[in-house]
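The values are calculated or read from the model by the stated rules, or taken from the named source; none is laboratory data. Being a predicted model, the structure only gives us computed values, none of them experimental. Cβ placement follows ideal geometry from the backbone for every residue including glycine, while neighbour counts extend to all protein chains displayed.
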Amino acid sequence: MTEQTANGNGNVPSRQRKRFPDISSRAYEHPADRSALVALRKLTGFDTVFKALSGLLPERSLRLLFLSDSVRVGDAQFAHLNDMLRDACYILDLEKVPPMYVTQDPKPNAMCIGLDEPIIVVTTGLVELLDEEEMRAVVGHEVGHALSGHSVYRTVLLFLTGLALKVAWIPLGNVAIMAIVTALREWFRKSELSADRAGLLVGQDLQASMRGLMKIAGGNHLHEMNVDAFLAQADEYEKGGDLRDSVLKILNVLPRSHPFTTVRAAELKKWSETRDYQRIMDGHYPRRSEDKDASVTDSFRESAGHYADSVRTSRDPLMKLVGDIAGGAGDLAGDLGGKLRSRFGGGASRSDGTTGATGGAADGTPGAGGTAGGEGGSGSDGRGGQSEG
């Protein structure tokens with residue numbers, strides 16, 4: 001990094017870090033988070049309509065509130081946080097540095113909000129809890145939210161959560177709002193996993209990221225905590241208990257805006273060991289200049305593949321049951337298909353009277369799906385879908 005651009009104040013970071021010019025948020029976003037955002041952004045006029053709600057949302061009020069009753073980070077105030085913020089924006093190539101505020105609150109927390117422009121807010125509890133490298137990961141986490149455009153949806157979530165409390169006395173008035181809030185919270189929990197990855201790309205210190213998450217869970221008692229033991233808790237949480245515990249896990253997480261801390265730590269460590277992470281560190285990643293060409297279909301396919309793999313590899317009793325049911329349904333379909341092929345001479349009868357993909361046509365030519373390419377299945381338009389080899 002150069003001295004002039006890394007922090008903007010003539011100081012260099014405490015150590016050299018890799019920079020990711022023109023990096024797209026697609027590089028680090030969780031598959032479920034990315035597919036939802038790509039789909040929303042592809043909707044014609046969605047952002048315009050969404051921002052038109054700004055007259056109803058208290059964004060201006062929030063900005064004035066933080067300006068009047070919090071401390072704005074800059075060269076003259078919380079200069080070390082200002083250095084981290086500029087450095088994070090430089091590493092992730094976020095051209096405009098968002099304003100950042102420190103607000104008095106003993107509870108460790110941080111957020112990125114705003115419709116037109118994102119602002120970052122961190123609490124005094126968080127600043128006092130974390131050391132420099134741990135805090136750098138948190139600042140990178142929030143800059144990742146800004147780069148991904150999460151601040152818009154986060155602001156709406158805050159507004160709707162407050163609105164739900166105000167209309168709770170109206171019969172059924174709270175039901176519709178809470179349905180939206182629940183859906184937004186589910187997305188936001190996934191977005192937190194994405195932002196954790198952005199924090200790792202900025203800090204480039206996995207142990208610091210792990211320490212920060214441990215401190216958020218257990219306070220400033222590192223001498224009493226251990227990363228391996230903390231990750232073992234996540235492992236025990238995932239695989240422990242029976243179906244009743246699986247249901248309780250779902251009920252426990254529904255009202256939360258963030259995933260459980262041990263789960264976040266385990267997810268981040270798992271991602272840091274993947275080839276995808278290493279490719280980003282080697283300079284091979286999706287670029288923002290290519291975002292307009294991003295395929296919604298590919299995003300949904302990746303998301304579906306992620307969920308299928310999660311169900312298949314999960315040790316949670318409920319997820320195992322889902323996998324077993326899905327596998328049993330597949331076996332049943334295979335058995336029925338075999339019986340139908342046997343009964344109809346190798347080709348299942350279709351409603352139009354022609355033979356299925358595996359059988360021969362009436363003129364003796366081979367069926368459409370018998371080639372090595374593996375064509376078969378049904379697309380949304382009723383035509384055969386092309387399966388991956």
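Limited to segment 116-138, what total is found for residues that are farther than 20 Å from Gly218 by Cα and crowded, with 19+ Cβ neighbours inside 10 Å?
The total comes to 4.
Looking at segment 220-251, which of the residues that are at pLDDT 90 or above and not in a helix (DSSP H, G or I) is nearest to Gln207 (Cα to Cα)?
Asn226
Among the residues of segment 115-154, count how many are under 15 Å from Leu200 (Cα atoms) and of a type in the set (Lys, Arg).
So the count comes out to 1.
Can you confirm whether segment 200-212 contains a residue that is more than 20 Å from the chain's Cα centre (by Cα), at pLDDT 80 or above and of a type in the set (Lys, Arg)?
yes
Does Leu184 satisfy the condition of being in contact with a His (Cβ under 6 Å, 6 or more places away or on another chain) and modelled with pLDDT under 95?
For Leu184, the condition - in contact with a His (Cβ under 6 Å, 6 or more places away or on another chain) and modelled with pLDDT under 95 - is not met.
Among the residues of segment 15-49, count how many are surrounded by 12 or more Cβ atoms within 10 Å (Cβ to Cβ) and modelled with pLDDT under 65.
Qualifying residue count, segment 15-49: 9.
Take the conditions out of contact with any strand residue (DSSP E or B) (no Cβ under 9 Å at 6 or more places or on another chain), modelled with pLDDT under 75 and under 23 Å from Gly218 (Cα atoms) and apply them to Pro255. Does it pass?
For Pro255, the condition - out of contact with any strand residue (DSSP E or B) (no Cβ under 9 Å at 6 or more places or on another chain), modelled with pLDDT under 75 and under 23 Å from Gly218 (Cα atoms) - is met.
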